[in-house]
Amino acid sequence: MLKWRAYKQHRHTIRSLIKTIVQASKRYKGRRVGAGVFYLVPSDMADYSTVQVRSHVYNMPIKEAMRRCRSELERREDALDRHNNMMASQVVDDDHNTGLLSPAARLLLWTTLSSLVLACVTVLL
């Protein structure tokens, strides 16, 4: 096919048409993934090392599938909001509790360091 005279004459047109098709399919895929139409699930294999792409579009009419996808997307957003609110309520804005360590870890570190200092003082005296 690459040696055909007609292909050589229309090679640029064919390439541009293929690029147009690829771009359109990427836009379509992006909208579908963004809308939550497709989702990944672990495969039925025992090791769960692979995933399968599933969609309600494969199993039911498009209107019902889109309605179900929207409801699942709303449920996911609600669950994410609940999780974020729960995590935000656990954050303490007290001046004594800011930093990288939790209060319990800070207390453990403080007692360990103070015992080391006392041990050094005891050895030196």
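With respect to the conditions (1) modelled with pLDDT of 80 or more; (2) in contact with a helix residue (DSSP H, G or I) (Cβ under 9 Å, 6 or more places away or on another chain), Arg75 falls short on a single one, namely (2).
Only one entry of Ala119, Ala65, Ala105 meets the criterion of being in a helix (DSSP H, G or I), modelled with pLDDT of 85 or more, surrounded by 11 or more Cβ atoms within 10 Å (Cβ to Cβ) and aliphatic (A, V, I, L, M), and that entry is Ala105.
Within the set Ser71, Ser89, the sole residue that is loosely packed, with under 10 Cβ neighbours inside 10 Å and either of a type in the set (Gly, Ala, Ser) or closer than 15 Å to Arg32 by Cα (or both) turns out to be Ser89. Exactly one residue out of Asn97, Asn84, Asn59 is surrounded by 10 or more Cβ atoms within 10 Å (Cβ to Cβ) and at pLDDT below 80: that is Asn97.
The values are calculated or read from the model by the stated rules, or taken from the named source; none is laboratory data. Nothing here was measured: the structure is a model prediction, and the numbers come from that model. We place every Cβ from the backbone using ideal geometry, glycine too, and count neighbours over all the protein chains shown.
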